[in-house]
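Inspection log for the structure reproduced underneath, given as structure tokens.
Laboratory data are not the source of any read-out in this text; all were calculated from the coordinates shown. In this text the structure is predicted, and so the values were computed from the model without any measurement. Note that each Cβ is placed from the backbone with ideal geometry, even for glycine, and that neighbours are counted across all protein chains shown.
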Amino acid sequence: MTIRDTVFRTLAHTNWRLALPALLLTCGSLIVQAASSDPEVVVPTTSPTTAAISPSGVVTPDPHAASASAPAPSASAVAQAPQPDVIPPLQSPAPSEAPLMKLPVNARHMLVIDDSGRVLMAKDADTVVPIASLTKLMTAMVVLDAKQDMDEEIRIDDADVDRLKHSRSRVKVGATMTREAALELALISSENRAASALARHFPGGLPAYEAAVAAKIRALGLSHTALADPTGLSPANTSTATEVARIAAAAARYPVIARISSDKSSEVEVNGRPRELRNTNHLVGAKGWDIRLSKTGYTEEAGRCLAMRMKSGGQTITVVLLDADGSAQRLRDAAAIRKSLAKLS
């Protein structure tokens, strides 16, 4: 019997005004029944379904919402039942973050992260490229791990001369200095001969130094980093912006590296005479900059590179720039990043 037949039969045998409430109830019941059999119609339930969302985003049904009379599911049914859907937590960026994320930089590879490791800005950060003298951060860590006497004098030898790139040096063959002075020369002035001498005077020589570097790479979980020499002159010294940020964070845990690399200038003795050093990162010590660790790098293959940690808005921010077109462009990139970070704080 159709709904129309029911309506006419009821009106034919009863005063329509008296029958109206019963008629409406009947119609409603028939409509719900018809809708229940239609897969495209959603029929509301009489009892609301309640659920809780955990901090991880997992939807958990309210255990009190289940009917007491409902039979418990069998073990096999539970095993085959689909797991609750996972809803990714929403992390809406603040409006002030938008300019930072869209900030154009000259460097071809870049990463900016905060204290918690949250990526604030990235540009092709996982491509493996040469990193030039950023290598010296790793050299410094390995040398300090060996716990050698920092006051011991070491000598620059002919083996420390750069015959690959023929880079200039202010330290002559035969010059002597303490191990700490060589470390300052390597980190502040990016002196290649000093870095090479540090590796040669490693306990066990260069083979032991290379083994220590390989072990350090593994310890830091750097799966895309390869270092062929202690200076960074070799184009085979490669990494990614992401992994260079890890190297910088690890180096910052060494107070000696943090102190030396964040000095605007320093004075060391070479052959018993004072030698003034200037940081290759001209932002160190500049007005408005609070840099806690820094290292620059350059080769023709790597372009201009920079890894530094600085204070901004009460946080320590790590900035990595790889393969910028020149020193001026590298500085402009860093200044633009700093300006955008100030808007976030």
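For residue 170 and residue 253 in one chain, what is 0.36 nm times their gap in residues minus the Cα-Cα distance, to one decimal in nm?
That works out to 26.9 nm of additional length.
Please compute the modelled spin-label separation between residue 300 and residue 215, points set 7 Å along Cα→Cβ, answer in nm with one decimal.
3.7 nm
Quick check: net charge around residue 310, other residues with Cβ under 14 Å of its Cβ, Lys/Arg +1 and Asp/Glu -1?
Summing Lys/Arg as +1 and Asp/Glu as -1 gives +4.
Which length gain, in nm to one decimal place, applies between residue 226 and residue 122 when the Cα-Cα distance is subtracted from 0.36 nm times their residue separation? Mind showing how you got there, number by number?
Working: separation 104, 0.36 × 104 = 37.44 nm, distance 2.17 nm.
So the chain would gain 35.3 nm between residue 226 and residue 122.
How large is ³J(HN,Hα), in whole Hz, for each residue of region 125-136 in order, when computed from phi with the Karplus curve 6.51 cos²θ - 1.76 cosθ + 1.60 and θ = phi - 60°, using x for Gly and Pro?
Running phi through 6.51 cos²θ - 1.76 cosθ + 1.60 with θ = phi - 60° gives 7, 10, 7, 7, 9, x, 10, 6, 6, 4, 3, 5 Hz.
If r is the Cβ-Cβ distance from residue 206 to residue 315 and R0 is 30 Å, what FRET efficiency results, to the nearest 0.05?
Efficiency at R0 = 30 Å is approximately 0.15.
Can you run phi through the Karplus equation (6.51, -1.76, 1.60; θ = phi - 60°) for region 260-274 and list ³J(HN,Hα) in whole Hz, with x for Gly and Pro?
Whole-Hz 3J(HN,Hα) from phi for region 260-274: 4, 6, 9, 7, 5, 8, 7, 9, 10, 9, 10, 6, x, 10, x.
For residue 316, enumerate residues with amide H under 5 Å from its amide H, sequence gap 5+ or separate chain, H modeled in the peptide plane.
Here 115 satisfy the definition.
Under a 5 Å amide H to amide H cut-off, with H placed in plane at 1.01 Å, what residues pair with residue 270 once short-range neighbours are removed?
For residue 270, the qualifying residues are 275.
Within straight cross-link reach of residue 264, meaning Cα distance under 15 Å, which aspartates and glutamates are found once same-chain residues fewer than 8 apart are removed?
Qualifying aspartates and glutamates at Cα under 15 Å: 184, 276, 290.
List, in order, the whole-Hz ³J(HN,Hα) value for each residue of region 326-338 obtained from phi through the Karplus relation with A = 6.51, B = -1.76, C = 1.60 and θ = phi - 60°; use x for Gly and Pro.
Residue by residue, region 326-338 yields x, 4, 5, 5, 4, 5, 5, 4, 5, 5, 5, 5, 4 Hz.
At R0 = 22 Å, how high is the FRET efficiency between residue 328 and residue 278 if r is their beta carbon distance? Nearest 0.05 is fine. Walk me through the numbers before you get to the answer.
Working: r = 17 Å, r/R0 = 0.78.
Here the calculated transfer efficiency is 0.80.
What length, rounded to one decimal in nm, is gained on full extension from residue 290 through to residue 151, with 0.36 nm per residue of separation minus their alpha-carbon distance?
47.1 nm
What does the charge dipole of region 97-344 about its Cα centre add up to, to the nearest 20 debye, if the Cβ of each Lys and Arg holds +1 and the Cβ of each Asp and Glu holds -1?
760 debye
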